[in-house]
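Structure, as structure tokens:
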Amino acid sequence: MRPSSIALLLACCAPLVQAQEGGLFTKIEAAPASEFWLDTGFATAHFDSDKDLNGANKGLGAEYRFSGTMAATAGRFYNSDRRWSNYAGLIWQPYALGPVRLGLALAAFDGYPKMRDGGWFPAAIPTLTYEYGRVGLNLGIIPSYRDRLYGGISFQLKFRLR
């Protein structure tokens with residue numbers, strides 16, 4: 001899915017999100033928070049399953065939720081091209097569908113050899129999060145970008161430390 005397709009999808013869904021009272025989506029309160037999460041790497045189901053991509057993206061990361069809708073995140077993982085990647089950014093999730101938070105991870109990544117020769121680049125990744133007590137799951141919908149980045153659905157386990 002191309003970034004322009006994601007933007008169009010989000011714009012089309014905006015009227016659905018506006019209906020908060022009795023609607024499908026609820027707005028998350030942006031009150032101050034203080035939660036620290038330890039994140040695993042990713043398990044990725046790639047859209048291009050015929051390309052022998054690495055779907056076992058071992059790694060380690062962290063999230064610090066400083067408000068009800070925002071968290072800072074950073075980490076390192078073994079990417080789809082079998083290279084080490086680093087990431088740092090923000091997770092913005094202003095809405096929920098039942099217990100699932102909805103929003104975007106706005107982050108910078110490196111380590112992909114066909115993207116800026118492995119250098120840093122920005123990305124906006126639709127992200128859903130489910131948390132139960134001290135355990136959670138982030139689900140990212142990674143868009144494909146030409147022949148440089150391979151899209152897929154990525155799952156990341158996380159554990160709340162405080």
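Using Cβ point charges alone (K and R +1, D and E -1), the dipole size of segment 77-119 about the Cα centre works out to roughly 80 debye.
Over the chain, with every protein chain in place, what whole percent of the accessible area is carbon and sulfur at 1.4 Å, could you tell me? The computed percentage sits at 63.
Percent of Cα pairs in segment 25-79 per distance bin of 10 Å, from zero to the largest separation: 22, 32, 28, 16, 2. Note on Ser144 and Asp48: their simple-model spin labels are 0.7 nm apart, each label 7 Å out from Cα toward Cβ. Using C-alpha pairs below 8 Å separated by at least 6 residues, the relative contact order for the chain is 22 percent.
Taking every protein chain into account, the accessible area of the chain amounts to 56 square angstrom per residue (probe 1.4 Å).
Exposed loop sites here are GluC sites (Glu not before Pro) assigned a DSSP state other than H, G, I, E or B and surrounded by at most 16 other beta carbons within 10 Å; excluding them, the longest clear run of the chain is 30-162.
Adding -39500 (n - 2.57) for every DSSP H run of four residues or longer, then dividing by how many residues the chain holds, sets the calculated 222 nm ellipticity at -3500 deg cm²/dmol. Only one residue of Trp92, Ser144, Phe66 has its Cα farthest out toward the positive end of the dipole of the chain, where Lys and Arg carry +1 and Asp and Glu -1 on Cβ, and that residue is Phe66.
Run the quick spin-label model on Ala72 and Lys27: label points 7 Å from Cα toward the beta carbon, then report their separation in nm to one decimal. About 2.7 nm separates the two model spin labels.
Overall, segment 32-76 carries a charge dipole of about 160 debye about its Cα centre when +1 sits on the Cβ of Lys and Arg and -1 on the Cβ of Asp and Glu, all other atoms neutral. Judged by the ratio a/c of the largest to the smallest principal axis of the C-alpha gyration tensor, segment 114-160 counts as prolate, that ratio being 1.5 or greater while a/b is larger than b/c.
For the chain, the average shadow cast by the Cα convex hull is 9.3 nm², which is a quarter of the hull's surface. Each label point was placed 7 Å from the Cα along the Cα-to-Cβ direction; for Lys114 and Tyr64 their separation is 3.6 nm.
Between helix 3-18 and the chain there is an angle of about 10 degrees, using the helix long axis and the longest principal axis of the Cα atoms.
The values are calculated or read from the model by the stated rules, or taken from the named source; none is laboratory data. Only a predicted model underlies this, so the values are computations on that prediction, with no experimental measurement involved. All Cβ positions, glycine included, derive from the backbone under ideal geometry; neighbour counts span all protein chains shown. With ligands, DNA and RNA removed, areas are computed over all heavy atoms of the protein, side chains included. Shrake-Rupley method; radii C 1.70, N 1.55, O 1.52, S 1.80 Å.
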